[in-house]
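**Q** Quick one: structure below, then a few questions.
Just so you know, all these numbers are worked out from the coordinates, no wet-lab data involved. Computed from a predicted structure; not experimentally measured. Cβ placement follows ideal geometry from the backbone for every residue including glycine, while neighbour counts extend to all protein chains displayed.
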Amino acid sequence: MKRWLAILLIVCLVTTLFVGCSQPEEISDGTVTITIWHDKEEEVAAVLQTELERLEPDIVVKLERKDGLTEALKLVGNDPKAAPDMYFFAHDKLGVYAEMGILAPISDFIDATALEAYLPMTIEAATYKGEIYQLPLYFETLLYMYNRRYMKDDKVPKTTEELYEYMRKTTVGGHYGFVEQHSTAYYSAGWIHAFGGYIINEEGQPGLDSKETIAALEYHKKFVEYMPSEGEYATVNTLFREAKAHSTIGGPWLVPTIRESGIDLGLAPMPVVNETGKAIAPYSGVQGLHVLKVAAGKKHDAIIKVLQQLTGDEVGIAIAKASGCAPAKLSCYDDPDVAKDLMVMSMYETAQNAVPMPNIPEMDVMWTVTENLLVDINMSGKDVTESAKAAQKKALDLIASMK
Amino acid sequence: MKDAKKVLVLFIVAVLLLLSLSMSVFADDVERIIVYAKVPEDWTEPCVWAWADDGTNAFKAWPGGEMEADENNPGWYYCWIPAETGNVIINANEGEVQTADFKLEAKNAWLIITDADTVEISYETKTTGEIPEYVEKFPVHAKVDENWEDVCIWAWLHPDGTNAYEAWPGKTMKAKDTGWYTVNVPIWVNSIIINANGGEVQTEDLTIDPAEVWVTVDAEGVAEFTYNDPDAPVVDDITVYVKSPADWNEPHLWAWSAPDGTNVFSSWPGEALQDAGDGWLLLEVPGWVNSVIVNGNEGSVQTADLSVDAGKDLWVVVTDAENVAVYYEKPEIPKEPEPTETEPPAETSAPEVTSEPAKEEPEKGGINPLLIAIPAVAAIAGAGVYFSKKKKS
């Protein structure tokens, strides 16, 4: 009797599991609903919504703006009742979520050959441990910006030594030739990359004490001498916005407020480091769509259609026009309006050298360790090599603690 | 003394507010009209004062924009104004004589002023030749040695050599009550010479940005310049009083002005706080300081960035790195009870980061154990860094 009861229970359990696996996509009146979390500005969300409304009535996509999206995903990313089906965000957290096991590779839904039409940098950013977890839509990089009232187009420094000379000549009387967030890891990374150094590599190895990184930090110090010692976000941006700085390196998100301030803004390629022949190579952030595992099975076909809808050129072009973002798909740059957008094309040009922000989990500990190192060097005047070695040790200790 | 400081600060704020109210808010690319005026012979250096219907002024201060003499039309002066600011007064002799205010249509206008009360307005061209182009200008101020008379400016574009004025010694600078000589020069100028005595004495070539600038010249003609008004009101020093945790050795103060980023001290961790008695430490810093950090143990422990009101003495009570109170009057601090031997040792206020990993329990979804460690280590690293270094936003 007990045996039969046990068999019956097993049958019930297995049946339940199979029912779960073969559960039809959430259909009500023949409609599948896909929920996408995002944290984007209205203009971008509106473009996505318009594009995805083309899938109706078969598929209804609900774009939900979510504050604290990354933390929320950590908490409920594997909870079928609470998690969204997809989310739209930058690529740099996908390593964490992949390790958590909450992401499904997009190659489960899209033919890999379709991704050949994308800028290689964006696919690199979307890849973690050999799997592609994001459908890239657009990307952002830092830009070299200048005030055309002070810096004429034909005088924009092409090399870092030209920039240094420009700073020496024009930093006087409360005006600065060039300002940047010199002691912030995100901004310093561009200089480090130009020397062949790195904050952390794909294998999760910190590179703060590599000879290339040390050379970059040592070289960069002389530029810091001609900048305000307090080089944080508000200081740098205010100086540029109030026409007290001739040039800066900043993100595209600053452009609207700079233009509102009446600055005649110029954008130019990043200066090339004379010593290495490589341009300052900032991090890039690639924004795109990710699929959560909780939805991958039960809404597989609908997810395919959503992703396919967003692989068209129209959405990349529309986002570029709506908010000046640089499309991830190469063919979008054939559009005449995109091709004549100075900001978009500047990002496209910078993207040729840009380095995708590391998407590995270990990067989380590197931001603050690197910024401490920069404060030690640029603000406390400590020895570069000793500081770099100490920071490297700290980083290794913290990463070891993870494991 | 404290009341006097308060009054001073209030006065400065009021002055700044008034200045900001009177400033033009018109961008460079607004639609403009030219206002021509033919003024009585005894009207010298005519100016135009203009404002929009909503009260926005075209110029920063009375008497307004200087009118230029039109070389092709003797007796006529002109000035470009934003088309929106059609409410106009023409004045001269440093504002001593003026017309009544009148409203212009949003198109070029020619005014024949017979006297202060008689103005004929025409929108038909009354001058001959081309209407001069609008050229944006910026003010150059110079303070020179008392032996320098008839101060002039010579201005040009380097390196192409285009001169702003026809002949040396250039344009006469107008003496102001403040002791500064002032002139507006075209926006395309990037090089100037201040000279005097008919061009007999002069500075060297000065390369400047096209922005309001103050040039100070000594008797030998050696010049220095700044883009920040040297006569801007100076706020008195303030005193920062601090109570710091007992285990913070040699507490220091780091202070700066945000957002311009001017630091009081040259390097972190700043300057040591001095004993003020009764458990308080103190340090005097410039009155423009609006951001401070208290730190100890050679900067390895610190508060967050504390935004404070400029120009006011401060009392900063630091319980620990995360718990800080700022007062603008000396606070009453109740004495802490002496710990008894039976009481357990007080726990240090551990960073909240310890609660972070608990949010990601592995059983919730088979999460990789590595991931549980990541936020914890990251947070601890962040906290450690936060507590150990100055910065970051």
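**Q** Considering only lysines 8 or more places apart in sequence, or on different chains, count the pairs in the range B:100-174 whose C-alpha atoms sit under 30 Å apart.
**A** 13
**Q** Further question: Compute the relative contact order of chain A as a whole-number percentage, counting only Cα pairs closer than 8 Å that sit 6 or more residues apart in sequence.
**A** Here the relative contact order equals 27 percent.
**Q** Something else about it: Taking 41 Å as R0, compute the FRET efficiency from the Cβ-Cβ separation of A:ALA46 and B:ALA232 and round it to 0.05.
**A** 0.35
**Q** Oh, and also: Counting only other chains, what is the mean number of Cβ atoms within 10 angstrom of the Cβ of each residue in peptide A:360-370?
**A** Rounded to a whole number, the mean comes out at 5.
**Q** Can you figure out the FRET efficiency of B:TYR123 with B:GLU94, using R₀ = 30 Å and their beta-carbon distance, to the nearest 0.05?
**A** 0.55
**Q** Determine, from the Cβ-Cβ distance of A:THR385 and A:THR70 and an R0 of 30 Å, the FRET efficiency 1/(1 + (r/R0)^6), rounded to the nearest 0.05.
**A** The value I calculate is 0.30.
**Q** Still on this structure, please answer the following. Taking each residue of A:374-380 in turn, how many C-beta atoms of other protein chains fall within 10 Å of its C-beta, and what is the average?
**A** Taking all residues of A:374-380 together, the mean is 4.
**Q** Would you mind checking the pairs A:LYS129/A:LYS321; A:LYS74/A:LYS393; A:LYS221/A:LYS382; A:LYS222/A:LYS244 and listing those with alpha carbons more than 23 angstrom apart?
**A** The pairs that break the limit, which is 23 Å between Cα atoms, are A:LYS129/A:LYS321; A:LYS74/A:LYS393.
**Q** Then there's this: Under 13 Å from the 7 Å Cα→Cβ point of A:ASP39, by amide nitrogen: which residues of the range A:84-123?
**A** Those under the cut-off are A:88-94.
**Q** Quick one: which residues, 5 or more positions from B:VAL185 or on another chain, have an amide H under 5 Å from its amide H? H modelled 1.01 Å from N in the peptide plane, none for Pro or chain starts.
**A** Close amide H contacts, sequence-distant or interchain: B:PHE138, B:VAL140.
**Q** Under 14 Å from the Cα of A:LYS40, which aspartates and glutamates turn up, not counting those fewer than eight places away in the same chain?
**A** Those aspartates and glutamates meeting the cut-off are A:GLU64, A:ASP67, A:GLU140.
**Q** Continuing with the same structure: Return the sequence-ordered ³J(HN,Hα) values of the range B:83-92 in whole Hz as given by the Karplus equation 6.51 cos²θ - 1.76 cosθ + 1.60 applied to θ = phi - 60°, using x for Gly and Pro.
**A** 4, 5, 9, x, 7, 9, 10, 9, 9, 7
**Q** Moving on to the next point. Extending each Cα 7 Å along its Cβ direction at A:GLU242 and A:GLU116, get the distance between those two points in nm, one decimal.
**A** Here the answer is 5.5 nm between the modelled labels.
**Q** Give me a comma-separated list of calculated 3J(HN,Hα) values for the range B:320-333, in order, Karplus coefficients 6.51, -1.76, 1.60 applied at θ = phi - 60°, integers in Hz, x for any Gly or Pro.
**A** Whole-Hz 3J(HN,Hα) from phi for the range B:320-333: 7, 4, 9, 10, 9, 10, 10, 10, 10, 10, 4, x, 7, 9.
**Q** To make sure I understand, if each residue's beta carbon is the centre and we count other beta carbons within 10 Å, what order do A:SER229, B:SER267 fall in, fewest to most?
**A** Least crowded to most crowded, the residues run B:SER267, A:SER229.
**Q** Something else now. Hey, which of these cross-link pairs are over 22 Å Cα-Cα: A:LYS305/A:LYS329; A:LYS81/A:LYS293; A:LYS155/A:LYS278; B:LYS38/B:LYS176?
**A** As for pairs spanning more than 22 Å Cα to Cα, those are B:LYS38/B:LYS176.
**Q** Could you list the square roots of 5 times each eigenvalue of the Cα gyration tensor of the range B:31-134, that is, the equivalent ellipsoid semi-axes, sorted largest first and rounded to whole Å?
**A** 18, 17, 13
**Q** Return the aspartates and glutamates within reach of A:LYS394: Cα separation strictly under 16 angstrom, same-chain partners fewer than 8 residues apart disregarded; answer none if there are no such residues.
**A** Hits, sequence-local ones excluded: A:ASP209, A:GLU362, A:ASP364, A:GLU371, A:ASP376, A:GLU386.
**Q** For peptide A:230-239, compute the average count of partner chain beta-carbon atoms within 10 Å of each residue's beta-carbon.
**A** Counting other chains' Cβ atoms within 10 Å and averaging over A:230-239 gives 5.
**Q** Still on this model: Quick one: which residues, 5+ away or cross-chain, put their amide H under 5 Å from the amide H of B:GLU271? H built at 1.01 Å from N.
**A** Excluding prolines and chain starts, which carry no amide H, the hits are B:LEU253.
**Q** Suppose we flag GluC sites (Glu not before Pro) only when DSSP calls them loop and at most 15 other Cβ atoms lie within 10 Å. Which is the longest uninterrupted stretch of chain A?
**A** Answer - A:42-201.
**Q** Between A:THR257 and B:VAL135, how many nm apart are label points set 7 Å from Cα along the C-beta direction?
**A** 3.6
**Q** Multiply the residue gap between B:ASP275 and B:ALA304 by 0.36 nm, knock off their C-alpha separation, and tell me the result in nm, one decimal place.
**A** Between B:ASP275 and B:ALA304, full extension yields 8.2 nm more.
**Q** Based on Cβ point charges of +1 for Lys and Arg and -1 for Asp and Glu, what charge dipole magnitude is obtained for the range B:238-327 about its Cα centre, in debye rounded to the nearest 20?
**A** Magnitude of the dipole: close to 160 debye.
**Q** About its Cα centre, how strong a charge dipole does chain A have in debye, to the nearest 20, once Lys and Arg get +1 and Asp and Glu get -1 at the Cβ?
**A** 680
**Q** Along Cα→Cβ, 7 Å out, is where each label goes; now give me the distance between the ones at B:TYR327 and A:GLU275 in nm to one decimal.
**A** If labels sit at B:TYR327 and A:GLU275, their model points lie 5.2 nm apart.
**Q** Can you work out the Karplus-derived ³J(HN,Hα) for every residue in the range A:271-280? Use 6.51 cos²θ - 1.76 cosθ + 1.60 with θ = phi - 60°, whole Hz, and x for glycine or proline.
**A** x, 8, 6, 4, 5, 10, x, 10, 6, 3
**Q** If you don't mind, there's one more thing I want to ask. Taking the number of other C-beta atoms within 10 Å as the exposure measure, put A:LEU310, A:LEU69 in order starting with the fewest.
**A** A:LEU69, A:LEU310
**Q** Something else about it: May I ask you to list the trypsin sites (Lys or Arg not before Pro) in the range A:75-130 that are in a DSSP loop and have at most 10 other Cβ atoms within 10 Å of their Cβ?
**A** A:LYS81
**Q** So which aspartates and glutamates pass the test for A:LYS158, namely a Cα distance under 18 Å, with those fewer than 8 places away in the same chain ruled out?
**A** Qualifying aspartates and glutamates at Cα under 18 Å: A:GLU180, A:GLU275, A:GLU349.
**Q** Which GluC sites (Glu not before Pro) does the range B:68-122 hold that lie in a coil by DSSP with at most 11 other beta carbons within 10 Å?
**A** Hits after loop and neighbour filter: B:GLU71, B:GLU96, B:GLU105.
**Q** Based on the Cα gyration tensor of chain A, what are the three equivalent ellipsoid semi-axes, each the root of five times an eigenvalue, rounded to whole Å and given largest first?
**A** 44, 27, 16
**Q** Right, something else. Taking amide hydrogens as modeled 1.01 Å from N in the peptide plane, which residues meet the under 5 Å criterion relative to A:TYR128, leaving out close sequence neighbours?
**A** A:TYR133
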